[in-house]
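In what follows, a single structure is set out as structure tokens and then discussed.
The values are calculated or read from the model by the stated rules, or taken from the named source; none is laboratory data. This one's a predicted model, so the numbers in the text were calculated from it and none came from an experiment. We place every Cβ from the backbone using ideal geometry, glycine too, and count neighbours over all the protein chains shown.
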Amino acid sequence: MILDRLFSKDDENLDAQRRDVDRILDHIVSLLPKGTLPELTSVDQLPGTRGSFGYSAGNPIPVNGPVGESVYIFRLRSRSGQKFYYQRLGFTKHVELNRQIDVFELVSTDGLKWVVLYFSMLHTRRSRKAPDGLSLASWREHAVPVGVMAKLGAFGETNHRSEDFPRCLPEYLRGNPLLQQAHLADILAEKMAGLLRDMSISPRPYSFVELCARLQPPGLGREEAAFLRSLESSAKPDAQLASTLLQSSRSVPPEPPAGPVANQTRKPAEILISGEGGPFMGIIMPIAARVSEYISQHDKETFARWARLPDAQWTPSFGERFALAFAYHIVELKERRAAMPPEFYTVAAELHLEALPPLDRPLTDEVRDVLGRFIAGRKAAD
């Protein structure tokens, strides 16, 4: 079914994970001496490693590039279920593994647990293994897709380090160029500042200064600076997608329903960041970005005529309109108690019309047929 094509059971679709590392691969090759690029493997743990998984430079966590580091950390949970804020402390070389090892400092969102983790980032996917004492949350559990917010660095920092972490995070987020491009920097910085004001942070159980003294700091030298600039360029599609979502997530209906509705007077961006408004936020981005290949040209043309789009090319505008029509059709199926694939029941249970942007025209039977084939994973003959 279509959700299984977009997501694997616990993590992002493997093709999407590979694309994230491919975006930066050419630049990495240009910075390394010829013939020294490590093999891009698909593993949960590197062979021949030593030390405790994730907690040692000799046994780093395999991930799919820098965005893989951010996404992996965002999915991590402490024993008590707490998420983590993070900063990249720098990097070191591991001669035996022939790899650069990135070093991250994490603190749980309740301020009680500090963790230092080691990552190897040149792999085709993220490890499905968690370090001892930690766990990985399912990719599907997030109302706001981790695929965009985490990849844009919305919950930590990779280009600077500070002993004042995590108190420094609002400043980091406000200066994040990708979040600025997506018009999310100030909103996220204000939200983070509010969270940190109420947070009691325990002391580090190690010396920050001594730990950093053993590492090359982020941004050191022309090669590292050029590499970081390339990351900004490679992640632009994610920033553009977040910006598109922001513009399409209007949430104030003309006549609010009876009873208290907490989000009706808030900005759409605030609802996006909070994860409220049902899973529409989690539907529109993967559809708008990834599912063109699952829809026949005939169905694209049918939908384009209904949506009054100039052509049937899968542009961001086409993806947005298709995602919104798809969400409305799921609500229709739910209200009619119609049969649908099992993976859609959870989505349907949480979708509510008042949380969706309005449709500018009713769905037609012809468009419902297009959406039905999409849900069932069938293509019309072109």
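Please enumerate the residues belonging to the stretch 104-126 that are under 23 Å from ARG50 (Cβ atoms), at pLDDT 95 or above and either β-branched (Val, Ile, Thr) or within 16 Å of the chain's Cα centre (by Cα) (or both).
VAL115, VAL116
Could you look through the stretch 85-123, keep only residues that are in contact with a strand residue (DSSP E or B) (Cβ under 6 Å, 6 or more places away or on another chain) and of a type in the set (Gly, Ala, Ser), and pick out the one that is farthest from ILE24 (Cα to Cα)?
SER108
Based on what the data block shows, is LEU333 touching a helix residue (DSSP H, G or I) at 6+ places or on another chain (Cβ under 9 Å), modelled with pLDDT of 85 or more and not in a helix (DSSP H, G or I)?
No.
Take the stretch 75-103 and flag every residue that is of a type outside the set (D, E, K, R), modelled with pLDDT of 90 or more and not in a strand (DSSP E or B).
Matches in the stretch 75-103: SER78, SER80, GLY81, GLN82.
If I ask for residues that are among the charged types (D, E, K, R), part of a helix (DSSP H, G or I) and without any contact (Cβ under 8 Å) to a residue 40 or more places away in the chain, which ones from the stretch 300-330 would you list?
Passing the criteria: LYS300, GLU301, ARG305, ARG321.
Based on this model, can you work out whether ARG75 counts as over 25 Å from SER207 (Cα atoms) and among the charged types (D, E, K, R)?
Considered against the rule, which asks whether it is over 25 Å from SER207 (Cα atoms) and among the charged types (D, E, K, R), ARG75 comes out as yes.
Return the pairs, sorted by first residue and then second, in which the second residue is at pLDDT 75 or above and not in a helix (DSSP H, G or I), the first residue lies in the stretch 346-363 and is loosely packed, with under 12 Cβ neighbours inside 10 Å, the beta carbons are less than 9 Å apart, and the residues are 6+ apart or on different chains.
That search, which allows pairs on different chains as well, returns ASP360/ARG308; ARG361/ARG308.
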